[in-house]
Amino acid sequence: MELEKMDRSESIENLAKAFVKFQAEVTNPANTADNPFFKSRYAPLNEVLNLVRPILTKYGLAVIQNPSTQGESVTVTTIIIHESGEWIKLDPLTLKADKNTAQGGGSAITYARREALSAALGISSEDDDDGNSASGN
């Protein structure tokens, strides 16, 4: 997506400067939870948030995530804001819930929030296996 076409405030100069400082300081969260289905490890959403919030705040940044549902799908829209009022809205992430229950929807929202947040902030919240699990390797 071209920056000119990205959904954002008119200027992102202050946000960009703060985000560069944020990324220079942030590290990947610890993968403290197991995913037995894929035999991998990941950082739960609370671990990701506990790691990034203090650094975001240090540079005048914050994240807003808005979950919504439609049928069996959940969508999370992530917005990064700066104390100057500048903002960038990222493309929504939509996933289908495994189960059409409150717990299934909640799990899908949590998963989508973690993945969208990690992508938006340029961090990795899962072990990177180069797609081997998805391809059956």
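The values are calculated or read from the model by the stated rules, or taken from the named source; none is laboratory data. Everything numeric here is computed off the predicted structure, so don't read it as measured data. Every residue, glycine as well, gets a Cβ built from its backbone with ideal geometry; the counts of neighbours run over all protein chains shown. Side chains are part of the model used for accessible areas, which takes the heavy atoms of the whole protein and leaves out ligands, DNA and RNA. Shrake-Rupley method; radii C 1.70, N 1.55, O 1.52, S 1.80 Å.
Which percent of the accessible area of the stretch 1-97 is formed by carbon and sulfur heavy atoms (probe 1.4 angstrom)? Write out the running numbers ahead of the final one.
Details: 3220 of 6200 Å².
Carbon and sulfur atoms account for 52 percent of the accessible area of the stretch 1-97.
Hey, can you find the accessible area per residue of the stretch 1-123 for me, probe 1.4 Å, expressed in square angstrom? The partial results should precede the final answer.
On the way: 7570 Å² over 123 residues.
Heavy-atom accessible area per residue stands at 62 Å².
Pairs of Cα atoms under 8 Å, at least six residues apart: use those to get the relative contact order of the chain, whole percent. Could you put the intermediate results ahead of the total?
Details: 203 pairs, mean separation 36.7, N = 137.
Computed value for the chain: 27 percent relative contact order.
Helix check for the chain. Which DSSP H runs span at least 27 Å along their own axis by Cα, with a mean Kyte-Doolittle hydropathy no less than -1.0? List each step's numbers first, then the result.
Values: long enough: 102-121 (28 Å, 0.11).
Flagged H segments are 102-121.
At 7 Å along Cα-to-Cβ for each site, give me the label-to-label distance between Glu10 and Leu49 in nm.
In this crude label model, Glu10 to Leu49 measures out at 3.4 nm.
Helix-only mean residue ellipticity at 222 nm, the chain, DSSP H runs n ≥ 4 weighted -39,500 (n - 2.57), per residue, nearest 500. What is it? Working shown, then result.
Values: 3 runs with 47 residues, N = 137.
Helix contribution divided over all residues of the chain: -11500 deg cm²/dmol.
Expressed as a whole percent, how much of the Cα-Cα distance distribution for the stretch 1-85 exceeds 21 Å?
Numbers: 1706 of 3570 pairs.
Percentage above 21 Å: 48.
At 7 Å along the Cα-to-beta-carbon direction for both Thr57 and Lys39, put a label point, then send me their distance in nm to one decimal.
About 4.1 nm separates the two model spin labels.
How about the stretch 39-72: which trypsin sites (Lys or Arg not before Pro) there lie in a loop by DSSP and see at most 15 other Cβ atoms within 10 Å?
Working: sites: Lys39, Arg41, Lys58; in loops: Lys39.
Those that pass, being in a loop and sparsely packed, are Lys39.
For the stretch 89-97, take each phi angle, set θ = phi - 60°, evaluate the Karplus expression 6.51 cos²θ - 1.76 cosθ + 1.60, and give the result in whole Hz per residue in order, putting x for glycine and proline.
Karplus-based 3J(HN,Hα) across the stretch 89-97 equals 9, 8, 4, x, 10, 10, 10, 8, 5 Hz.
Please compute the modelled spin-label separation between Thr27 and Gln70, points set 7 Å along Cα→Cβ, answer in nm with one decimal.
Going from the Gln70 label point to the Thr27 one covers 4.1 nm.
Output the relative contact order of the stretch 48-110, whole-number percent, from Cα pairs under 8 angstrom with separation of 6+ residues. Please list the in-between numbers first.
Numbers: 88 pairs, mean separation 15.9, N = 63.
This gives 25 percent for the stretch 48-110.
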